[in-house]
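Chemist: Below is a structure I'd like to ask you about.
What follows is calculated from the coordinates using simple rules that are stated; it is not laboratory data. Here the structure is a predicted model, which is why all the values come from computation and not from measurement. Here the Cβ positions follow ideal geometry from the backbone for every residue, glycine too, while neighbour counts run over all protein chains shown.
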Amino acid sequence: MDNTTTNMPTNTDARIPMGKLALGIVLLLVGVLSFTDYMDLVDLREIWRFWPVFLIFIGVSSEFDSLRQRKTGGGHILAAIGVWMLVANHHFFGLNHRTAFPLAIAVVGLGVILHALVDAPVSAKKENGK
């Protein structure tokens, strides 16, 4: 009997891509909220002030996907931009766009540290042909 592998899906193939799922959820929410605003059920201006939360959600989901697959991704950068914009737009802790920027740098640094700890080693990537 032949020991070659078949085209059976592995556990890594069956995982749901979190980045795509998050983007779909955000688009669904924007569409539903826009419709409810059009129908005068919700005042979208109050909710829209928190638009950077969408960036954070998509970035964290994409980053989760990258970490789960042990490869480098850029979701932490999108999440950092979202954190920076949310804090600055709402003046949390008295911060504005200029003074809140170090928070974005800290979030990017956290993402780089996570990838340094979790990503597959370079030698393992070369052996797998990736």
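Chemist: I need the P(r) histogram for the stretch 18-121: all alpha carbon pairs, bin width 10 Å from 0 out to the longest distance, whole percents.
Modeler: It works out to 16, 36, 30, 14, 3, 0, in whole percents.
Chemist: Tabulate in residue order the Karplus-calculated ³J(HN,Hα) for the stretch 104-117, using 6.51 cos²θ - 1.76 cosθ + 1.60 with θ = phi - 60°, rounded to whole Hz; enter x for Gly and Pro.
Modeler: Couplings: 5, 4, 5, 5, 4, x, 4, x, 5, 4, 4, 5, 5, 7 Hz.
Chemist: How far is it, in nm, from the label point at residue 68 to the one at residue 51 when both lie 7 Å from their Cα along the line to the Cβ?
Modeler: 2.9
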